[in-house]
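What follows is a single structure, written as structure tokens, with notes after it.
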Amino acid sequence: MKVSLITVCLNSESTILGTLESVIAQDHVDREHIIFDGGSTDQTLSIVKSFGDEVRLIEGKDSGIFDAMNQAIGYATGEVIAIINSDDFYAHHQVLSDVVHQFESTGSDTVYGDLQYVERHSPDKIYRNWKSGEFERSKFKFGWSIPHPSFFVKREVYDRYGLFDEQFKISGDYELILRFLYIHKQSASYLPEVLVKMRTGGNSDGGIKRRFESLKEDYQAWTENGIRPAFYTVPLKPMRKFRQFFT
């Protein structure tokens, strides 16, 4: 089973080497790593090009991160697609082989696992743990979701139900997961292990204004799909993060 890994980057020289090395270290060799660079002016491109044929570099223009992801997915040839951000790296060298085994043994449409947030410049220091837990569709109503970098999806699901909605600036990953699993009821299999480590300080972090915009987009993710969430659904989503500091 071939796995296509997508990395979107822009001036990521301080972290992308770790991303690339974690992919190269995977023991599942039937894979491709597609890098979409939106116009880096630092050393990002030099770092990526140093990996030669191990990566497929696409240099292009985009209107935002989700447009860039969509463009990159257009180049993917694998049966399974995953996003690995330029701040992220895989937790161990068997991540892809474990994920593929989960697909093959369960026949699921999607596979997901856990994620650890780590200090940006000291990745051995764990900031918080996101333990996803077993999939139940009803959990979405209570603010539950999946860490997007640990979400692996069969290509045919994208073909049936579409790519990222580019009108979103922050919550496009949440909307995609909600659309696939809640709206269209695709099957999901939980792999109870840390698959990805994410450095703090990336695109999902930000100040109060950005967090307020994220809440608005989380609400929009439901309404764009023709569903009005319960009054508690969107507020519970960020509240779920608190217990991640203590697990």
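The values are calculated or read from the model by the stated rules, or taken from the named source; none is laboratory data. Predicted model only: the values in this text are computed from it and were never measured. We place every Cβ from the backbone using ideal geometry, glycine too, and count neighbours over all the protein chains shown.
A compact table of results
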quantity: Filtered residues of the range 52-81 (kept if of a type in the set (Val, Ile, Thr) and closer than 15 Å to residue 164 by Cα); calculated: 65, 73, 81
quantity: Close pairs (6 angstrom Cβ cut-off, 6 or more residues apart or separate chains): touching a residue at least 24 places away in the same chain (Cβ under 8 Å) in the range 17-30, in a loop (DSSP other than H, G, I, E, B) and basic (Lys, Arg) anywhere; calculated: 30/2
quantity: Within the range 36-74, considering residues that are in a loop (DSSP other than H, G, I, E, B) and touching a residue at least 60 places away in the same chain (Cβ under 8 Å), the one farthest from residue 10 (Cα to Cα); calculated: 63
quantity: Residue, surrounded by the most Cβ atoms within 10 Å (Cβ to Cβ), within the range 125-156, restricted to residues that are within 14 Å of residue 81 (Cα to Cα) and in contact with a helix residue (DSSP H, G or I) (Cβ under 6 Å, 6 or more places away or on another chain); calculated: 152
quantity: Matching entry among 174, 112 (being under 20 Å from residue 233 (Cα atoms) and either in a loop (DSSP other than H, G, I, E, B) or touching a residue at least 24 places away in the same chain (Cβ under 8 Å) (or both)); calculated: 174
quantity: Selection status of residue 182, more than 15 Å from the chain's Cα centre (by Cα), touching a residue at least 40 places away in the same chain (Cβ under 8 Å) and on the phi < 0 side of the Ramachandran plot; calculated: yes
quantity: Unique residue being touching an Asp or Glu at 6+ places or on another chain (Cβ under 9 Å) and either among the aliphatic types (A, V, I, L, M) or over 21 Å from residue 217 (Cβ atoms) (or both) when the list is 156, 119, 175, 166; calculated: 156
quantity: Total residues in the range 14-30, condition surrounded by fewer than 19 Cβ atoms within 10 Å (Cβ to Cβ) and either hydroxyl-bearing (Ser, Thr, Tyr) or outside any loop (DSSP other than H, G, I, E, B) (or both); calculated: 5
quantity: Residues satisfying the stated conditions in the range 135-172, i.e. of a type in the set (Phe, Trp, Tyr) and within 19 Å of residue 240 (Cβ to Cβ); calculated: 135, 140, 142, 144, 151
quantity: Long-range neighbours under 7 Å by Cβ, at least six apart or interchain, first residue within 10 Å of residue 82 (Cβ to Cβ) and surrounded by 21 or more Cβ atoms within 10 Å (Cβ to Cβ) within the range 1-13, second among the basic types (Lys, Arg) and at pLDDT 95 or above; calculated: 3/31; 5/31
quantity: The lone exception for residue 55 - which of (1) touching an Asp or Glu at 6+ places or on another chain (Cβ under 9 Å); (2) within 23 Å of residue 173 (Cα to Cα); (3) among the β-branched types (Val, Ile, Thr) it fails; calculated: (2)
